[in-house]
Amino acid sequence: MKFSEAWLREWVDPPMATDDLAHALTMAGLEVDTVEPVAGTFNAVVVGEVVACEPHPDADKLSLCRVDVGETEPLQIVCGAPNVRQGLKAPVALIGGLLPGGLKIRKARLRGVESSGMLCSEKELGLGDGAGGLMELPDTAPVGEDLRQWLDLDDSAIDIDLTPNRGDCFSVLGIAREAAVLARLPLRWPDLAPVEPGIGDRFPVEVKATAACPRFCGRVIRGIDPAAQTPRWMREKLRRSGLRPIHPVVDVTNYVMLELGQPLHGFDLDTLREGVVVRMAESGEKLTLLDGRVIDLTPEMLVIADHGGPRALAGIMGGESTGVEPDTRNVFFEGAFFAPEIIAGRARRLGLHTDASMRFERGVDPEGQRRAVERATALLIAISGGEAGPLLELVSDEHLPVRQRVTLRRSRLAAVLGASIADDEIVSILQLLGMPAQPTTDGWSVAPPSWRFDIAIEEDLIEEVARVYGYDNIAEVAGRNDMRFSPVTETRVPADRARDLLVARGYQEVVTYSFVDKTLQEMLWPARESISLSNPISSAMTDMRVSLWPGLLGVLQQNLSRQLDRVRIFECGLKFYRQDNEIKQISCIGGIMSGARVPEQWGLGSDPADFFDIKGDVEALLGLGGAADRFNFAPAGHPALHPGQSARLLRGQQAFGWIGALHPVIRARLDIKKPVYLFEIDSEILLDARVPEARTISRFPAVRRDLAVLVDQAVPAARLLAAIRDEAGPLLRDLTIFDVYQGPGVDSGLKSVALGLILQETSRTLTDGDVDDLVVAVISRLERELEARIRD
């Protein structure tokens with residue numbers, strides 16, 4: 001919320017400097033982001049009037065002007081602005097004056113003609129972005145008056161970063177309420193007297209969606225002057241609050257929204273047909289918004305329609321067909337209370353984020369609509385003339401929000417704050433906040449005001465008392481708590497060990513959002529249903545992730561786009577899915593590898609990484625628990641992975657992860673040129689450890705036997721190893737594959753796998769007979785189960 005300090009001080013003027021005011025607001029929970037001057041640093045700039053204007057004798061695009069600045073003689077100034085003309089009043093920088101950016105005004109000769117000063121645009125004075133012409137001042141501007149004083153430019157724009165629960169502070173009124181409480185001062189309200197109807201015109205209104213719109217106010221104003229201009233004081237307040245003046249009707253609605261916190265909309269009455277209908281949209285309906293965007297409406301969207309169709313997206317943006325134009329003479333003002341749950345998420349889903357939606361989705365005062373329409377009516381008539389009809393108000397009392405009383409216990413407040421505050425002080429604070437408190441046996445029963453949607457439980461009231469009382473006034477007390485050590489078990493591997501291992505192998509940890517793009521997620525996991533968010537952060541974060549891969553791929557794309565060719569990243573996080581109408585979450589470790597196998601160096605080549613590189617990293621992870629033999633890689637297909645380069649991770653028959661190369665089609669869609677390898681493992685299974693067991697170290701020599709077996713090339717090495725371990729039993733101390741060969745001497749479709757068996761007994765030396773019998777049994781097992789045979 002950005003606002004002018006001078007505007008705030010019209011409502012309440014605390015006896016404190018700007019910096020002190022900003023600090024007080026921040027300490028009260030309204031964090032001030034910035035405090036900036038509303039104009040650039042300049043001096044010796046006055047109001048001038050062009051009394052004569054003729055073309056420059058030697059330049060087609062320059063004008064030779066005589067400008068009255070309140071001195072004895074007009075100044076001769078050469079100007080190139082397209083809107084300079086006789087009778088125009090504009091800012092004039094005098095000789096010796098200083099403009100923003102350090103520009104000092106001196107006498108100059110432009111194409112042979114002397115120029116004694118400078119006519120200024122808004123941009124040159126740091127008052128706006130308008131650089132296409134001179135800043136035009138109203139005819140009432142006093143010639144020779146110091147511009148800074150006349151426009152009251154010794155002001156600051158304060159920008160507050162509001163938390164989502166403080167929707168009541170999205171207005172000068174809301175901030176003024178807070179400042180008045182902190183300074184213990186009353187509010188100085190502007191004149192909000194109702195406007196007496198001058199005509200009897202009423203425009204028919206029907207509210208069909210009463211639950212979504214329990215209060216609707218409307219008013220007809222006829223005969224406004226199309227040539228009227230928004231006064232400078234209003235334009236300045238809008239500019240200092242970050243809004244651009246457009247048209248008196250639009251400016252008035254924006255002004256009232258900033259002042260009172262109630263968004264309004266002004267329709268061109270002559271474009272509405274028969275009457276206004278507030279209803280839910282129908283399937284197939286379309287609406288062209290004020291920004292020219294055409295949207296497809298859905299039945300969960302609330303619209304303001306007439307008898308020709310939707311005319312505005314309620315609480316978000318008006319429609320193009322009924323917007324005010326330069327020749328608009330008749331206006332229909334609309335001010336309504338829309339239920340926050342109806343507005344929340346709709347704007348973001350459409351890629352919109354408007355001032356109106358920001359306020360409605362947080363909750364506006366349900367009792368402020370009549371006041372806002374009356375205020376807008378009075379301002380518009382004062383600016384543009386015209387006559388107002390009676391104010392129409394439709395109310396559905398049963399659907400209006402009701403602020404339930406909240407109990408505040410004296411003992412609970414003291415326990416939470418660690419301090420005792422006098423009862424009188426507590427009651428006074430609540431009273432100042434508009435929350436009358438009735439005493440009870442152990443505290444108070446408090447009625448929250450209509451504009452405070454965030455007061456619902458006892459802790460909310462405790463927070464209110466603490467922040468107004470002042471956090472600095474609450475003494476520091478050392479906290480006490482029972483210290484409990486986290487359990488340490490040998491059956492689990494700490495997650496930090498998995499992180500450390502991956503970092504040691506060249507990976508970097510990243511943290512990504514749990515919200516992902518629905519399109520990318522469906523591309524990677526088309527068969528897995530995701531959970532859609534009702535109020536997404538943006539259109540690119542609409543669903544909860546069912547995998548870590550979408551976020552990791554996003555990080556990979558960002559790094560590749562910045563010419564980082566070798567990427568190794570991993571993430572430890574949660575994925576989410578729905579089961580039995582409940583949202584489940586699973587802790588996972590996921591990683592991505594792309595680029596060269598090793599960092600660039602002179603001693604090794606730049607071979608690209610392949611499937612077996614990432615498989616080696618995953619095997620290292622699986623070995624953390626001391627039970628690598630429990631795990632297995634089973635060839636399997638996945639929609640996101642390359643056929644033939646993907647595998648399912650198994651523990652026994654239980655699947656707990658995937659590994660493989662990113663599918664080439666998906667890689668092309670993501671515009672990734674190099675191969676990408678991914679893995680994802682469920683942490684619960686990965687980090688399950690085998691309890692260490694003591695084992696005697698044998699004093700007897702080990703025996704090694706090497707076998708070279710021929711087996712079908714489709715048979716994975718893991719099956720060979722599993723069969724040998726099972727058959728050899730406890731005598732097998734170690735087993736390794738030291739060679740795999742395909743080529744001359746080996747039949748097509750077969751491969752030769754060379755295995756080394758290390759055999760050892762703890763109680764005696766193995767005889768040749770023991771070893772030969774075991775080797776024969778192993779060979780027989782391989783022949784029987786895998787159709788393997790000893791290579792000649």
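Key figures
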quantity	calculated
Filter pass, R528 being assigned to a loop (DSSP other than H, G, I, E, B), surrounded by fewer than 16 Cβ atoms within 10 Å (Cβ to Cβ) and not β-branched (V, I, T)	yes
Failed item in (1) open to solvent by 80 Å² or more (accessible area, probe 1.4 Å); (2) without any contact (Cβ under 8 Å) to a residue 60 or more places away in the chain, with Q521 passing the rest	(1)
Residue within region 363-370 that is closer than 30 Å to E325 by Cα and without any contact (Cβ under 8 Å) to a residue 60 or more places away in the chain present	no
Count of region 147-169 residues which are within 17 Å of G434 (Cβ to Cβ) and either without any contact (Cβ under 8 Å) to a residue 24 or more places away in the chain or not polar (S, T, N, Q) (or both)	4
Unique residue being of a type outside the set (D, E, K, R) and free of Cβ contacts under 8 Å to residues at least 40 places away in the same chain when the list is S411, S445	S411
Residue within region 220-240 that is in contact (Cβ under 8 Å) with a residue 24 or more places away in the chain, open to solvent by less than 10 Å² (accessible area, probe 1.4 Å) and part of a strand (DSSP E or B) present	yes
Hits in region 676-694 (condition: open to solvent by 70 Å² or more (accessible area, probe 1.4 Å) and free of Cβ contacts under 8 Å to residues at least 40 places away in the same chain)	E693, A694
T163, sole failed condition from (1) in a helix (DSSP H, G or I); (2) open to solvent by 10 Å² or more (accessible area, probe 1.4 Å)	(1)
Segments classed as helices (runs of 4 or more DSSP H), wholly inside region 606-708, with at least 1 members that are modelled with pLDDT under 95 and among the hydroxyl-bearing types (S, T, Y)	683-686
Extreme residue, nearest to A788 (Cα to Cα), among residues of region 705-764 that are among the polar types (S, T, N, Q) and open to solvent by 70 Å² or more (accessible area, probe 1.4 Å)	Q713
Number of positions in region 83-107 that are at pLDDT 90 or above, part of a loop (DSSP other than H, G, I, E, B), surrounded by fewer than 19 Cβ atoms within 10 Å (Cβ to Cβ) and within 48 Å of the chain's Cα centre (by Cα)	2
Only one of G133, G174, G200 that is open to solvent by less than 50 Å² (accessible area, probe 1.4 Å) and outside any helix (DSSP H, G or I)	G133
Residues satisfying the stated conditions in region 331-385, i.e. basic (K, R) and in contact with a strand residue (DSSP E or B) (Cβ under 7 Å, 6 or more places away or on another chain)	R370
Residue list for region 331-387, filter: of a type in the set (A, V, I, L, M, F, W, C), within 18 Å of L269 (Cα to Cα) and within 30 Å of the chain's Cα centre (by Cα)	A336
Failed item, numbered, when S538 is tested on (1) under 24 Å from the mean Cα position of the chain (by Cα); (2) small (G, A, S); (3) buried (at least 20 other Cβ atoms within 10 Å of the Cβ)	(3)
Set D397, D424: member being modelled with pLDDT under 95 and either over 30 Å from I199 (Cβ atoms) or under 30 Å from the mean Cα position of the chain (by Cα) (or both)	D424
Lone qualifier among D460, D454, D472, D496 - being closer than 30 Å to R568 by Cβ and either in a helix (DSSP H, G or I) or of a type in the set (D, E, K, R) (or both)	D496
Residue within region 318-332 that is within 28 Å of I455 (Cα to Cα) and either surrounded by 22 or more Cβ atoms within 10 Å (Cβ to Cβ) or touching an Asp or Glu at 6+ places or on another chain (Cβ under 9 Å) (or both) present	no
Residues within region 577-597 that are open to solvent by 40 Å² or more (accessible area, probe 1.4 Å) and either in a strand (DSSP E or B) or of a type in the set (A, V, I, L, M, F, W, C) (or both), tallied	9
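The rows are residues; the columns are (1) among the polar types (S, T, N, Q); (2) in contact (Cβ under 8 Å) with a residue 60 or more places away in the chain; (3) within 18 Å of A628 (Cβ to Cβ).
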{"position": "S698", "(1), (2), (3)": "yes, yes, no"}
{"position": "A718", "(1), (2), (3)": "no, yes, yes"}
{"position": "G756", "(1), (2), (3)": "no, no, yes"}
{"position": "R764", "(1), (2), (3)": "no, yes, no"}
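The values are calculated or read from the model by the stated rules, or taken from the named source; none is laboratory data. Bear in mind that the values here come from a model prediction, so they are computed numbers and not experimental data. Glycine gets a Cβ as well: all are built from the backbone with ideal geometry, and neighbour counts include every protein chain shown. Side chains are part of the model used for accessible areas, which takes the heavy atoms of the whole protein and leaves out ligands, DNA and RNA. Shrake-Rupley method; radii C 1.70, N 1.55, O 1.52, S 1.80 Å.
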